[in-house]
Every structure is written in structure tokens, then in C-alpha cells.
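Taking it in order: structure first as C-alpha cells, then the write-up.
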Amino acid sequence: MSAIAEETVAAPPRRRLRLALWLLTRSFSSMLGLFLVTAIVALALLGPWIVPYPDDVQGGINLANKLQPPSFAHWLGTDEVGNDILTRVIIGARISLLVGIGITVAAAIIGVPLGILAGLAGGRLREVIMRFTDLFLSVPGLVLAIALVAALGPGIVNAMIALILVWWPGYVRLAEAKALSIRDEAYIEAARVAGASRARILRRHVLPNSISPLIVKMSMDIGQAILAVASLGFIGLGAKPPTPEWGAMISIARGYMPDWWWYAVAPGVFIYLAVLGFNLLGDGLRDILDPRSNRG
Amino acid sequence: MAGYILRRIGLAGLMLFGLVCLTFVIANVAPSDPAALAAGPDAGRSQIEQARREYGLDKPLPEQFLRYVTDLAQGNFGRSIATGRSVGTDLARYFPATLELVILAMLLGVLLGVPLGVVSALRKDGPVDHVTRIFAVSGIALPPFWFGLLLQLAFATWLGLLPTSGRISVFTEPPDPITGLLLLDNTLRGQWPLFREALSYIILPAIVLSLPCLASILRVNRSEMVEALRMDYVVAARAHGVTPWRIVMVHALKNAMLPTLAIIGLRWGWMMSSTVLVETVFDWPGIGLYAVSSAIAGDFKPVMGVTLIVGLNFMVANLIVDLLYGVLDPRLRRA
């Protein structure tokens, strides 16, 4: 495995990509991850056109039809105001995916430049950036996010802001460690001796070489961010009903347990499969792109 | 060694101060006005101003910060604006319930995670390894609040084996606390029926809470064991005729336990924070549920108190792990 991986790093880009793809197809769990992620993305993109009851997206009221068990007309049953649960869960994929990707990308955009700057600059600047980062890492993310949402006020936008504030320090850590290890590589020295500017070294040498662990981390984090948003939705600090967000749906459905238990099952299965997909994909990508850091 | 310990403790102290600053900043960027909240929904302007003076909210920020720090140093977390009760007293009342839950979940995580990790490493790529791998990945991906609801449905509603939620039955008079941990208190008193009752209430939330921890301990332990079993010293031990059992349990596991220990330290704090979800599902009267109900009411002081307690736990756990590392791995002491 590690010999192949070394070659992955050394080979020219196109062959490297082909090898990576081949390695990915050989692992069952990676393929399962890829399949789940593709399915969730497809649901999110096609959602409004494939849902069986488009009128139920905004939360129409049809009390005659409420809390029906799964049937041919309603595959996953209906909720407390008679909306089709399948429809709402599919639309929920759109929200969760958008929010998950949004949080991860925003955290990376804040964290990566700061991390690279800290790693390359060294000295006092590094000290300031890293201590500031440590501050946010001094308390577990979920509690910090709740404290932030309590201060900002509940709602999906504030939940997103809180989670971005919780998430960026991880990227600073990653980028700083990577930049530190790359800084002393011979090819950086060579580029500097050849007269390359600082910006060019950053763009052409440091960034491409820190991209693999970044991709792996982002893939894992999208899953975790989806879970975190659903968690905030569940405890009532995230998306507000009737927004068809998975966590908020489960929080409502909880009130209809145990008699109408299928209501809570459907959104949970979707959260689980989405998070599982991104985790498996990230895990598979790590085996290929960044094999030396394979730690739980 | 003394230098190593002092440095670690100093670092933890700095982190703690940072955490205090962070909670202060969060409480002060809040767009809603705490004085208005304290005065109540029907308060006029003069009543709001009076509340502002009463809670010291009219002072300049540096002065407020100084008061905040000195109050915290005396164990005073302020008052809940919604109920008027002291947050410190509330935390002292709710914390033992959370602590009991986290201890039990951690025991489950370690006692199951480590052996399963060892077995998967020994049977690498065998059926057991595949099953534990799926189990471990699921453990991290399952939404704990949803998993909790499913367990309630299965074990409380359908099978009727366990109670749905709470810490003890509403009809049971809670005994005078010794430690506040019901399982331990009832063991000390030898009250087995009460012990069994407390156990039946705690077991489902503990399982839910332990699952992500179990999964990550399992995975780290497995990959460390795989690594350790490939080492030269294992080959050497085998060549010397050391029994396989001893090679696994002493030579390999001892080395694999160091990174596992680091994960245990991290997970302690994360578990404290996941109690927010688990306690909400199971109506477990701990600091997690306290934080959630206060956050929904827009009441900061309790939320900040819980944040500080969880952060303190996180720091102390990591400090203990750091110190244990120093004891177990002599190379670190010189670094």
C-alpha cells in the first residue's frame, strides 16, 4: 500500500489521478461512500423536480391526511399537518448539503490562509495566530456552538455562523502543520534560490502540496457539519419548523413518539446515510492521498 | 520531570484564562439586551435601567470583565436572568448526574473499545475486522439524538424492558446524596433495588453517549496495534520464545495504549459536550439539559457556566493525559 502511495505522490498529475481513481474503486467502503454522496447530491440537485408532492415543501396544511403510516401514496407516511414526509426529507437534503458544504468551505477559507501564514511567517505572528486558534479549541465544539447561538439567537443562519466560528481553527492547525513541514523541503529552498517570489512559492509549491490532507479533512467535515446542524435543529437552536431540516423534523417527530414512530425514522436515516457517505469517502480518500496520517 | 509538569500546568492555566475571556466576549457580543430580559417582558424603560444597574451592566467593559473574573475565582457564576437562581448552585446540583453518565459511558467505551481493537488488529482483514470497521464508522455517523429515540422505542415501548427517560422513577424518593452519583451512592449503602432501578434508567443514555467514543477508541487502538505488531521488538520477542499472549498483551498493547490514551482524554471533553443531545432525548437532569433549556430561553449565564465547566473538564482531562504521557513515555520529558 505505502509503495503505491509513494508513487501516487511522485507520478505526473493525470496518471496520479487515474491511479487514485483505480485505488478508490478497489475499496468497497470507499465506493459505498461515493455512492451515498452521489445519491445525496443528486437528491439535493433534482429535489424540487422529483418530489411526489411539491406543494408540501412549504408546509401546506391538510389535516384530513395527517400522521398516516407509510403507504403507496405516501411512501414514508405523512406528518402532523398532513405533509408527505418523503417530499420533506428530499428537500431537507438540499438544506443539509448546502449548509454542510457552506460551513466547511467557509471554515477552510478562513483557516487555511491563516495557517499557512503562521507556518511560513514564524516568530511573533505565528505565536499570535496559534494562541488565538487554541482559544477556540479550548472547549468542545458543540457546547461552544450552543453558547454562540444562545448569544446570537436561534435560527439556521446563526447556527451556521456559530459552526463556522467553531470549525475554522481545525484548518489553521492543519495548514500550519503542513506549511511547517513543507517549508524545510528542498524544493522550496530551490525555488527560493532560483528567485521565485514569496507569492509564487505559496501558490505553486506550498498550496498544491497541502491540498491532499485538506480534501480529506473537508470531506470528513461536511459529514460532521451536517450532523452538527441537525443536532442544533433537534435541540431547537437551528432551523425552525416548518423548514424541512432533518434535525428540526426529528425534534417535532419526537412529540409523536411512540405511536407515530415512522415520522422520526425517515429523517434520521437520511442524516445517518449522508454522514456515513462523507465519512467513508473521506476515509477512502485518506488511504489514497494521505496514507501516513491514517489515525482514527 | 518537574519542569515538564510545571510547563503543562502553566499551559492549562493559560488555556483556562483564554476560555474565561472567550465566554466574556460571547456574552457581550449578544445582540439581545440582557437587562431587558432580566426586567421581564412587561418592563418599562425605567425598570430596564434599574435592572441594568442591579446586574452591573451599565459599567464600562473592562470593569465588567474584572468583576466577571473575580466572581468566577470565587466560584460565583452569576445569576440566571430567567429564574433568578444562582448558576453555581444549579451547576452543582446538575453536574453529578452528567458526571455519572459520562463515567459510565467512558467505561463502556474503554472496556469494549480496547479489546475489540486488539481483536480486529489480530484478525486484520478477517470477518471480525470488517464487522468492527462498519460498526466503528457507523458509531461516528449515527446522530446520537436519533439513535436514542430508536433505543427508547425498542427497549422501552416495544420490549418494555427499560424506562423511557429520566434518572429515577418519579415515585422513588431520591436518597440523600453522598457523592451525588446514584450508582455509587446505592452501592455504598448496599441498597440493591435502588441500584438496579438507577441502572435501568442510565443504561440507554450511557450506550448512546459511549458509541462515538467506543468507535474512535476501537479504530485508534486497532491501527496502533497493527503498527506495533509489525515492529522489530515483536519479532525479537517472538524469536526469544515469548508466548503470543504475552507479546500481544504486554509488548504490543502497552505501546498501542499511548495514542489510545490521548483519544480517551479528548473524548472525555467531547462526551461532556454531547450530553447536550443525549440528556435532551432522555430528559436526564444534567448540565446538558440545563444548557439547552437556558439557551432556548435566551438566558446566557447558565449557558456560559456550562461552557466553562465543560471546557474545564476538557482541559483537566487533557492535562492528566499529558502528565501520564510524561510518566509512560520517558522521551517526552526531555522535549
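With protein chains left intact and a 1.4 Å probe, residues in segment B:89-334 average 44 Å² of accessible area per residue.
From the protein chains alone at 1.4 Å, what is the descending order of accessible area for A:Thr243, B:Thr243, largest first? Show your work: numbers first, answer last.
On the way: A:Thr243 55, B:Thr243 80 Å².
Sorted descending by solvent-accessible area, the residues read B:Thr243, A:Thr243.
Below 29 Å, Cα to Cα, which lysines can B:Lys254 reach? Residues fewer than 8 away in the same chain don't count. Correct list for B:Lys254: B:Lys124. The residues of segment B:139-162 listed by number as losing at least 30 Å² of accessible area in the complex, against the isolated chain and with a 1.4 Å probe, are B:Ile140, B:Ala141, B:Pro143, B:Phe145, B:Trp146, B:Leu149, B:Leu153, B:Trp158. Across peptide B:290-298, the mean count of Cβ atoms from other chains lying within 10 Å of each residue's own Cβ comes to 4. For chain B, a crude dipole built from +1 on the beta carbon of Lys and Arg and -1 on the beta carbon of Asp and Glu, taken about the Cα centre, is about 1140 debye to the nearest 20.
Using the crude model of +1 on Lys and Arg Cβ and -1 on Asp and Glu Cβ, and no other charge, please compute the dipole size for segment A:122-198 relative to its Cα centre, in debye to 20. Numbers along the way, then the final one.
Details: 8 positive and 6 negative charges, 29 e Å.
My answer is approximately 140 debye.
Charged side chains reduced to their Cβ positions (Lys and Arg at +1, Asp and Glu at -1) give the protein assembly as shown a dipole of some 2220 debye around its Cα centre. Amide hydrogen proximity for B:Arg79: with H placed 1.01 Å from N in the peptide plane, the residues at 5 or more positions away or on another chain lying under 5 Å are B:Val87.
Just to be sure I understand: if you take the accessible area of chain A alone plus chain B alone and subtract the pair, with a 1.4 Å probe, what total do you get in Å², rounded to 100?
On the way: alone 15630 and 18440 Å², together 30040 Å².
Summing both chains' loss of accessible area gives about 4000 Å².
Got a number for the accessible area of B:Asp176? Probe 1.4 Å, square angstrom, nearest 10. Around 120 Å² of this residue is reachable by solvent. Of the accessible area of segment B:89-334, computed with a 1.4 Å probe over protein heavy atoms only, carbon and sulfur atoms account for 68 percent. Spacing of the modelled spin labels on A:Arg131 and B:Leu161, each 7 Å from Cα toward Cβ, amounts to 5.4 nm. Straight-line cross-link partners of A:Lys178 among the lysines, defined as a Cα under 19 Å from its Cα and at least 8 positions apart when in the same chain: A:Lys217.
Taking each residue in B:275-287, count the Cβ atoms of any other chain within 10 Å of its Cβ, then average. What number comes out?
Values: counts 2, 9, 7, 0, 1, 6, 4, 0, 0, 0, 0, 0, 1.
Across the residues of B:275-287, the mean count of other-chain Cβ atoms within 10 Å is 2.
What full-extension length gain, to one decimal in nm, is calculated for B:Ala297 and B:Leu183 as 0.36 nm per residue of separation minus the Cα-Cα distance?
On the way: separation 114, 0.36 × 114 = 41.04 nm, distance 3.20 nm.
Result for the pair: 37.8 nm of gain on full extension.
Count the net charge of all other residues whose Cβ sits under 15 Å from the Cβ of B:Leu209, scoring Lys and Arg as +1 and Asp and Glu as -1. Show your work: numbers first, answer last.
Details: positive: B:Arg167, B:Arg267; negative: B:Glu100, B:Glu279, B:Asp283.
So the environment of B:Leu209 carries a net charge of -1.
Shown are B:Ile134, A:Ile222, A:Ile85, whose ranking by accessible area with a 1.4 Å probe and every protein chain present, most to least, is B:Ile134, A:Ile222, A:Ile85.
For B:Asn76 and B:Ser200, calculate 0.36 nm times their separation in residues minus their Cα-Cα distance, and state this gained length in nm to one decimal.
On the way: separation 124, 0.36 × 124 = 44.64 nm, distance 3.51 nm.
Additional length available on full extension: 41.1 nm.
Tell me, what is the FRET efficiency for B:Leu111 and B:Leu324 to the nearest 0.05, using R0 = 22 angstrom and their Cβ-Cβ distance as r? Efficiency, from the Cβ-Cβ distance: 0.75. Of interest is the spacing of the C-alpha centroids, which for segment B:250-265 and segment B:277-334 amounts to 23 Å.
Hey, got the average number of other protein chain Cβ atoms within 10 angstrom for residues in A:146-159? Mind dumping the intermediate values first?
Values: counts 12, 14, 6, 3, 18, 14, 5, 4, 3, 0, 0, 0, 1, 0.
What the average comes to for A:146-159 is 6.
Each of A:Ile50 and B:His130 was given a label point 7 Å from its Cα along the Cα-to-Cβ line. The distance between the two points is 2.9 nm.
Annotation: A:Ile91 carries an accessible surface of approximately 20 Å², with a 1.4 Å probe and no ligand, DNA or RNA atoms counted. Overall, the accessible surface of chain A at a probe of 1.4 angstrom is composed of carbon and sulfur to the extent of 66 percent.
Taking the mean number of other Cβ atoms within 10 Å as a proxy for protection, how do you rank B:48-58, B:255-265, A:139-149 from highest to lowest?
Result, highest mean first: A:139-149, B:255-265, B:48-58.
Using the average count of surrounding beta-carbon atoms within 10 Å as a protection proxy, the listed peptides A:227-235, B:214-222, B:277-285 rank, highest first, as A:227-235, B:214-222, B:277-285. Computed with a 1.4 Å probe on the full set of protein chains, the accessible area for B:Cys21 sits at about 40 Å².
The residues of segment A:123-142 listed by number as losing at least 10 Å² of accessible area in the complex, against the isolated chain and with a 1.4 Å probe, are A:Asp134, A:Leu135, A:Phe136, A:Leu137, A:Ser138, A:Val139, A:Pro140, A:Leu142. Note on chain B: dipole from Cβ charges, positive end direction compared against B:Gly84, B:Val276, B:Tyr233; the farthest Cα belongs to B:Tyr233.
Below 11 angstrom from the Cβ of B:Ala256, what's the summed charge of the other residues (Lys, Arg +1; Asp, Glu -1)?
Details: positive: B:Arg222, B:Lys254; negative: B:Glu224, B:Glu227.
Neighbourhood net charge equals 0.
When we measure straight from the Cα of A:Lys240, which lysines land under 26 angstrom away, once same-chain ones fewer than 8 places off are left out? Counting by Cα, and skipping residues close in sequence, A:Lys240 has these lysines nearby: A:Lys66, B:Lys301. Projecting the Cα atoms of A:Ala230, A:Ile250, A:His205 onto the charge dipole of segment A:182-296 (Cβ charges, centred on the Cα centre) puts A:His205 farthest toward the positive pole.
Taking label points 7 Å from Cα along the Cα-to-Cβ direction, B:Met1 and B:Lys59 give a separation of 4.5 nm.
The values are calculated or read from the model by the stated rules, or taken from the named source; none is laboratory data. Since the structure is predicted, the reported quantities are computational estimates derived from the model, not experimental observations. All Cβ positions, even for glycine, are placed from backbone atoms using ideal geometry, and neighbour counts span all protein chains on display. Ligands, DNA and RNA are excluded from the accessible area calculation, which covers all protein heavy atoms including side chains. Shrake-Rupley method; radii C 1.70, N 1.55, O 1.52, S 1.80 Å.
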